[in-house]
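Everything below concerns the one structure shown next.
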Amino acid sequence: MPERVAIVGVGFSDLRSCTPGVSYKEMMFEAATRAYHDAGVDPRKDVHSFVCVSEDFWEGTSIFDEYVPDQLGAALRPVQTITGDGIQALCCAAMLIRTGTARVVVVEGHSKYSDMRTPHHIQQFAMDPILNRPLGAHANLVAGLEMSRYLYESGNTREQCAMVVAKNRHQALLNPLAAYGARITPDDVLAAPPTFFPLGELDAARPADGCFVMVLAAESAVRDMAGQPVWIAGYGWCTDAPSLESREWGEAAYARLAAEQAYRMAGIASPLRDLDFAELDDAFSYKELQHMEALRLCRPGEAGEWVEDGVTRLDGEFPVNPSGGSLGVGHLLEATGLHRVYETVLQLRGEAGPRQVPGARRGLAQSWRHVPTTTGAVIILERE
Amino acid sequence: MREKITNPDAIRTWPGKVPVEYVYTVGVASEPFFRALMERGRLLASPCPECGVRYLPPRLFCERCFSRLEASLELEPRGTLEAFTVVHVDLDGNRLDEPQAYGLVRIHGADTALVHRLAASDADEPEVGMEVEAVLLPPAERTGSILDIRHFRPV
């Protein structure tokens, strides 16, 4: 039997819309210091392996993975970087522990978005060079097309998507980490200038800078740790065909399949009954609704009504994005999933302060790698 | 460190840029697609002999069942509008003077869809499900690129 794996320490650097005062290495050092203190570990002695997430073009440095060890206390140690969301790095770390390769593993993800002068060009460079890039359009046209198809197939409405934005930005006001908390109404969202119709300016999460570091440990190592363990009950990840021509457009199939894998591992038959809350990808307003349906939290086409009825509010029957989500916290590139896990850990430790979901025992965090990808990851955490 | 910087211009940064240039190999399956588009104004597709999915543009392999494919279908450049968007922002984040509509078009006889420009006039508001056709460049101006299709327009 593989050992159970717990998250025993979490750390962050302050999330900001821009961070001109600190380098990415200093942000990582800050988050790592907090995480090691939280877990009560010395990275030079107690950690056996390190897993990071990054993309060279976002960082502005080729072979960027070579630049991560020193600020994590990982020089001359087993280190790897995977290109994916931070939740995929957590899956990798959990597998290192479950296979007996390492007993204590550190995961890191960050965003230094504000260092990029040409982020939209970089994003467009991720599209197919022969079929899509010659059109010369901003890559978020993919999100506009997907929202158009999703609303058509699901019957959900732009108004309901606008309610997601108002909910999440409002919830973010209770989160001291969030960069974009605001008191706005669905009407404000609908009245904002169009960007990629049916998307408007307020339907998209704005970028933020920040870093998250987490310490994972095997059950046999947890007793030596200072931190309160939160157990990993299940995980899964999935990528659809990348091509715009053949991918699924209405349904988030990547999220459905990643969740099925995680539910199976965690022994969850009814997600709504067996979970207390969820942190779901909301890089665009419609994504929260699409992902609720993909994760079987509600039936296809029902997510809009749920938002309208307040079911997914912090004080509703099933809170979605108590942190404020990406809309309220900011989009953090590959660190986005780690932010969702960070919130899930706080909720399960009972440390979420004024946004605490009462009695939370089990929660789910889900990520999507943003336009133009079709990659999603899911992790389910629980307390003893 | 009692002194603090209050003027952000005084924070040191170093500019950097990288020239990025590539050529992208079109490949065995797509080469005939662009030739047929350029020479005959027709669209090739490859049906999967195992699972039946018809790929447009053609591919060498089926992503569903991993069979090897051949481009054996030649289709008219007409189809159904599956989704549309109107783009108001350029690649530098500035607002466009003229918004541009784009559509996801499923060509009749194919199971996959093309993303391309959509000519929209006030009289023809795009609508999911509507019939659209490709407007091609004149034969002499075609170069064997996806831009040999100028745009799709409502029929």
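The values are calculated or read from the model by the stated rules, or taken from the named source; none is laboratory data. The structure presented is a predicted model; accordingly, all values stated were derived computationally and were not measured. As a convention, Cβ positions derive from the backbone with ideal geometry for all residues, glycine included, and neighbour counts pool all protein chains shown. Heavy atoms of the whole protein, side chains included, go into the accessibility calculation; ligands, DNA and RNA do not. Shrake-Rupley method; radii C 1.70, N 1.55, O 1.52, S 1.80 Å.
Taking the square root of 5 times each eigenvalue of the Cα gyration tensor, what semi-axes in Å does the equivalent ellipsoid of the stretch B:23-125 have, largest first?
Values: eigenvalues 175, 51, 38 Å².
The three semi-axes for the stretch B:23-125 are 30, 16, 14 Å.
Dipole of the protein assembly as shown computed with +1 at Lys/Arg Cβ and -1 at Asp/Glu Cβ about the Cα centre; of A:M265, A:V105, A:T312, farthest Cα towards the positive end is A:V105.
In chain A, the longest principal axis of the Cα atoms and the axis of helix A:158-171 are about 30 degrees apart. To the nearest 10 degrees, how steeply does helix A:86-98 sit against the main Cα axis of chain A, on a 0 to 90 scale? Roughly 40 degrees between the two axes.
Of the cross-linked pairs A:K25/B:K4; A:K25/B:K17; A:K25/A:K287; A:K45/A:K112, which ones have a Cα-Cα span greater than 23 Å in the structure shown? Let's see the in-between values first.
Working: A:K25/B:K4 20 Å; A:K25/B:K17 20 Å; A:K25/A:K287 32 Å; A:K45/A:K112 29 Å.
Among A:K25/B:K4; A:K25/B:K17; A:K25/A:K287; A:K45/A:K112, the Cα-Cα distance tops 23 Å for A:K25/A:K287; A:K45/A:K112.
Filter the trypsin sites (Lys or Arg not before Pro) in the stretch A:144-224 to those in DSSP coil with at most 14 other Cβ atoms within 10 Å of their Cβ, and list the result. Intermediate results must be reported in sequence, preceding the final value.
Details: sites: A:R149, A:R158, A:K167, A:R169, A:R183, A:R223; in loops: A:R183, A:R223.
For trypsin sites (Lys or Arg not before Pro) across the stretch A:144-224 that sit outside H, G, I, E and B with at most 14 neighbouring Cβ atoms in 10 Å, the list reads A:R183, A:R223.
Spin-label model, A:M1/A:L190: points 7 Å from Cα along the beta carbon direction are separated by 5.5 nm. The chymotrypsin sites (Phe, Trp or Tyr not before Pro) of the stretch B:1-109 that meet both conditions, a loop assignment by DSSP and at most 12 other Cβ atoms within 10 Å of the site Cβ, are B:Y22, B:Y24, B:F66. Normalised by the number of residues in chain A, the average gap of Cα pairs under 8 Å and 6 or more apart makes the relative contact order 24 percent.
Averaged over the residues of A:128-136, the number of partner chain Cβ atoms lying within 10 Å of the residue Cβ comes to 5.
Taken as Cα centroids, the stretch A:346-373 and the stretch B:1-71 sit 35 Å apart, rounded to the nearest whole angstrom. Only Cα pairs under 8 Å and 6+ residues apart enter the sum, and on that basis the relative contact order of the stretch B:14-155 stands at 20 percent. Of the GluC sites (Glu not before Pro) found in the stretch B:84-155, the ones in coil according to DSSP and having at most 11 other Cβ atoms within 10 Å of their Cβ are B:E127.
Going from the isolated chain to the complete set of protein chains, the stretch A:140-154 loses at least 40 Å² of heavy-atom accessible area (1.4 Å probe) at A:L141, A:L145, A:S148, A:R149, A:Y152. Maximal additional length on extending the B:R42-B:E131 stretch stands at 30.3 nm, based on 0.36 nm per residue less the C-alpha distance. Nearest 5 percent is fine: what portion of the DSSP beta bridges confined to chain A is antiparallel? Bridges in chain A that DSSP calls antiparallel: roughly 75 percent.
Rounded to the nearest 10 degrees, the angle from helix B:31-40 to the longest Cα principal axis of chain B is 70 degrees. With the biggest extent put first, the Cα atoms of chain A measure 54, 45, 38 Å across the principal axes. Ordering A:349-361, A:198-210 by mean Cβ neighbour count within 10 Å, with the highest value first, yields A:198-210, A:349-361.
Centre-to-centre, using Cα atoms only, the stretch A:195-230 and the stretch B:93-155 are separated by 40 Å. Placing R0 at 45 angstrom, the Cβ-Cβ distance between B:T80 and A:E351 gives a FRET efficiency of 0.30 after rounding to 0.05. Spin-label model, A:T157/B:V28: points 7 Å from Cα along the beta carbon direction are separated by 5.3 nm.
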